[in-house]
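Here's the structure, in structure tokens; my notes come after.
Where a number appears in this text, it was derived from the coordinates with a stated rule and is not lab data. Nothing here was measured: the structure is a model prediction, and the numbers come from that model. Quick reminder, even Gly has a Cβ in these numbers, built from the backbone with ideal geometry, and neighbours come from all protein chains shown.
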Amino acid sequence: MATPTTHKILLDESEMPTRWYNIIPDLPAPPPPPLHPGTLQPVGPEDLAPLFPMDLIEQEVTTERYVDIPEEVQDVYRLWRPSPLFRAHALEKALGTPARIYYKYEGVSPAGSHKPNTAVPQAYYNAKAGVRKLTTETGAGQWGTALAFACAQFGLECEVWQVGASYDQKPYRRIMIETFGGTVHRSPSELTAAGRAIRADRPDHPGSLGIAISEAVEVAAQHDDIRYALGSVLNHVLLHQTVIGEEALLQLAKVGEQADVIVGCTGGGSNFGGLVFPFLREKLAGKMSPEIRAVEPASCPSLTKGTYAYDFGDTAGMTPLMKMHTLGHDFVPDPIHAGGLRYHGMSPLLSHVYELGLMTATAIPQTECFTAAVQFARTEGIVPAPEPTHALAACIREALACKESGEEKVILTALCGHGHLDLAAYDAFLSGRMVDEDADDARFADALSRLPQVPAGA
Ligand SMILES: *Cc1c(COP(=O)(O)O)cnc(C)c1O
């Protein structure tokens, strides 16, 4: 057990993981393949080549358990990795819980979140393949910031379509992207057919992640020297994020602890998958048995209210069909403050793990999340990004349950980003203007009625 004075558990640079972990070969069954929307056949490498470099396509489908992290990527990782694991003594005390709460803090990265863990290798492999520019979408701006930083490291241009509502309300992320050398467009834009079609229908459209993805994909697909980068959802993204869980395993071992409960927030599933997959490897090998729980916003509950079905990753229907928990590709979630969790789908790999019964999920409305975040800030001294407030709310629920039962559980979570550029959300909460989302099942059913038709067994 940790001595009471240990607040942060650090690793040396030499202890940073040198391999990413791929969970697929350890699962009892492989995840269903993505399908070509025209032929309904599994997509091959050639279908993905207009969008991604071959190294990443190989990582998307690899069945190797480990993938070496290139030296050049490790070199950039070392700017902030290994990241600290904190024991939340002050929060535990405030809650009066016998539980021991640990949080892996990814806010120490250049972008202030876990996103650079995948942005850096994605930029590296694209640069290695001779690509000139990367396009992408961003919601609140975390991913755009991370990719702009990573592109600057490897001499790539970076063009970002930012969801309109965020572009208008959150200028600081745009400025940060521009500071790292990226270009930002408000989405939907006039620059793409997908954007123009939506604006023709509704000129003041607030945008969505699905629309911004359509725009970024369209531009990449039309140019030989431009590729697209996705900040979540895909297998290679979750693969890159496993540095979080590998480090956390080592850090908990250093203080002789084993996690009983691991909770994390899920937007597309990357920080969660990155944290839990290495622990799940140990669990599947019978070496530990943590309960693994995803937390999503009540307004965008793809795991708890969505359907497990083939759907598009974007709104315009340009991406391959992926079997995942989805609310429907044209579902537009309420404009909650956790922009990074406003995605209609869930990582197909994580969806598969969920279907296999290896994890649970819960949805929490945003005022409970911000109540937790403020308590966390006042005790632990870090202002969390709006997304991990969901994980913190779930940690606090668990810690209070331990108080009731007297159980001394070890709770682990990822504090996947800080909220320094999201203070408007805190302002809304503190001044009483934040309301809970309307999580009406009828709204979810509407978008789900437009799922693409895929014959069973396709
Ligand atoms: C993007 C983002 C998320 C959501 O993405 P996941 O792939 O689910 O991790 C969560 N938290 C932060 C801080 C983010 O920037």
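For segment 133-280, the relative contact order comes to 22 percent (Cα pairs under 8 Å, sequence separation of at least 6). Listed peptides 77-86, 56-65 appear in the order 77-86, 56-65 once ranked by packing, highest mean of other Cβ atoms within 10 Å at the front.
Shape class of segment 280-404 from the Cα gyration tensor (axes a ≥ b ≥ c, square roots of the eigenvalues): oblate, since a/c reaches 1.5 or more and a/b does not exceed b/c. Annotation: for a label point projected 7 angstrom from Cα along Cα→Cβ of R196, residues of segment 220-244 with backbone N closer than 17 Å are 220-223.
Among the listed pairs K8/K170; K170/K323; K93/K254, a Cα-Cα separation exceeding 25 Å is found for K8/K170; K170/K323.
From the square roots a ≥ b ≥ c of the eigenvalues of the alpha-carbon gyration tensor of segment 334-458, which class results: rounded (a/c under 1.5), prolate (a/b over b/c), or oblate? In terms of gyration-tensor shape, oblate. A compact globular protein would have a Cα radius of gyration near 2.2 N^0.38 Å; the ratio found for segment 1-90 is 1.58. Most tightly packed first, judged by the mean number of other beta-carbon atoms within 10 Å of their residues, the peptides 118-126, 406-414 read 118-126, 406-414.
Listed as lacking a disulfide-compatible partner in the chain: C265, C300, C369, C395, C402, C416, by the criterion of no other cysteine Cβ under 4.7 Å. Shape of the chain from the C-alpha gyration tensor: rounded (a/c under 1.5, with a ≥ b ≥ c the square roots of its eigenvalues). Computed from label points 7 Å out along Cα-Cβ, the spacing between T304 and A29 is 2.6 nm. Between the alpha-carbon centers of segment 336-414 and segment 237-305, tell me the distance in whole angstrom. Cα centroid to Cα centroid, the span is 12 Å. Placing R0 at 25 angstrom, the Cβ-Cβ distance between R65 and T6 gives a FRET efficiency of 0.20 after rounding to 0.05.
Length gain on complete extension for the stretch L284 to L40, per 0.36 nm per residue less the alpha carbon to alpha carbon distance?
On the way: separation 244, 0.36 × 244 = 87.84 nm, distance 3.25 nm.
That pair, L284 and L40, stretches by 84.6 nm at full extension.
Here segment 116-147 is scanned for amide nitrogen atoms under 19 Å from the site 7 Å beyond the Cα of D224 along Cα-to-Cβ, giving 126-135.
Measuring nothing but how far apart in sequence close Cα pairs (under 8 Å, 6+ apart) lie, relative to its length, segment 144-184 scores a relative contact order of 54 percent. When only Cα pairs below 8 angstrom with a gap of at least 6 residues are kept, the chain shows a relative contact order of 19 percent.
Test of understanding: ordering D446, D441 by Cβ neighbours within 10 Å, fewest first, what list do you get? Please list the in-between numbers first.
Working: D446 14, D441 9.
Final ranking by Cβ density, sparse to dense: D441, D446.
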